[in-house]
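Below is one structure, written out as structure tokens; comments come after it.
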Amino acid sequence: MHIYANPKRFLSLASWLMPLLFWSGLVLSLGAVAWGLFMVPPDRLMGETVRILFIHVPAAWLGMGGWAGLAISSAALLIWKHPLAGIAARAIAVPGMVFCAICLATGSIWGRPTWGTWWEWDGRLTSMLVLLFLYGGYIALSQAAAREGGSMKIAAIFGMVGAINVPIINRSVVWWNSLHQPPSLTAGKSAIDPVFLWPLLVAVIGFSLLFGAIVLMRMRALIAEQQVEARLRRRALDDEAPLAAAPAMEGA
């Protein structure tokens, strides 16, 4: 992956990969949601509310997967000092936070008729809420570093340390008694009926492709922003040079 650490090579790759991810992800996401809303039958126990599954699960997956990608990018920044890795982490943070918030909102809506409450302080919900706050903290740190022209090391360390919460979210329903249902998908096994499983898998793939497209869009925007700032700094230095030379010429 070192060859793509060069911004020009990355932009060349992103120019054709981004629309491919976006349009394929959009088609799959819309198709999966329509499949889940209009073609899947009601669940035997949860009835019509089961249809939230096709948005809630992909959002939860991308909320956790987003932070995993952010942590990997942060590690690459610290180990190999690749600026593009820091840009990738910043690009992941905002869509990751959005999907985390969607997960919590849809889970709350789903929980009201299923559990009889909008919110329950169990392990899965609480650790997911912590992830939302972690995203907010990372965004604040990275934006402050970018605004002040400082190092991204503190934000990168924060991103790596915050990754501890991802396996906690994943295993919370196993470690603690919870209203949340246990894992439905495990290695080689599925507790989900195929009538729900197939549109759910399509939704996860579609939303993941959209997520990738959004990250590439944000990376391109951040690179362009840095290039504009660099040009403005060079222009400011060029404008200051004649002014600094004028007093010296007068003294001569």
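The values are calculated or read from the model by the stated rules, or taken from the named source; none is laboratory data. Since the model is a prediction, treat every value here as computed from it, not as a measurement. Cβ atoms come from the backbone with ideal geometry, glycine included; neighbour counts cover every protein chain shown. Areas reflect the complete protein model, heavy atoms only, side chains present, ligands, DNA and RNA absent. Shrake-Rupley method; radii C 1.70, N 1.55, O 1.52, S 1.80 Å.
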What distance in nm lies between label points placed 7 Å from Cα along the C-beta direction at ASN6 and MET217?
2.9 nm
Projected area, mean over directions - segment 1-133, Cα convex hull, nm²:
9.7 nm²
Taking θ as phi - 60°, what are the ³J(HN,Hα) couplings along segment 158-166 by the Karplus curve (6.51, -1.76, 1.60), each to the nearest whole Hz, with x for Gly and Pro?
4, x, 6, 5, x, 5, 4, 6, 5
Simple label model, 7 Å out from Cα along Cβ direction - SER15 to TRP115, nm:
4.9 nm
Exposure rank, largest accessible area first [PHE158, PHE38; 1.4 Å]:
PHE38, PHE158
Counting only heavy atoms of the protein chains, get the accessible area per residue of segment 1-152 (1.4 Å probe) and round it to a whole Å² value.
51 Å²
Residue by residue through segment 76-83, the couplings from Karplus 6.51 cos²θ - 1.76 cosθ + 1.60 with θ = phi - 60°, in Hz, x for Gly and Pro, are 4, 5, 6, 7, 9, 6, 8, x
Filtering trypsin sites (Lys or Arg not before Pro) in segment 1-78 by DSSP loop and by at most 10 other Cβ atoms within 10 Å leaves ARG44
Taking a virtual spin label 7 Å from the Cα of VAL161 along the C-beta vector, which residues in segment 74-95 bring their backbone nitrogen under 15 Å of it?
75
Note the full-extension length gain between LEU26 and GLN227 as 0.36 nm times their separation in residues minus their Cα-Cα distance, in nm to one decimal.
69.3 nm
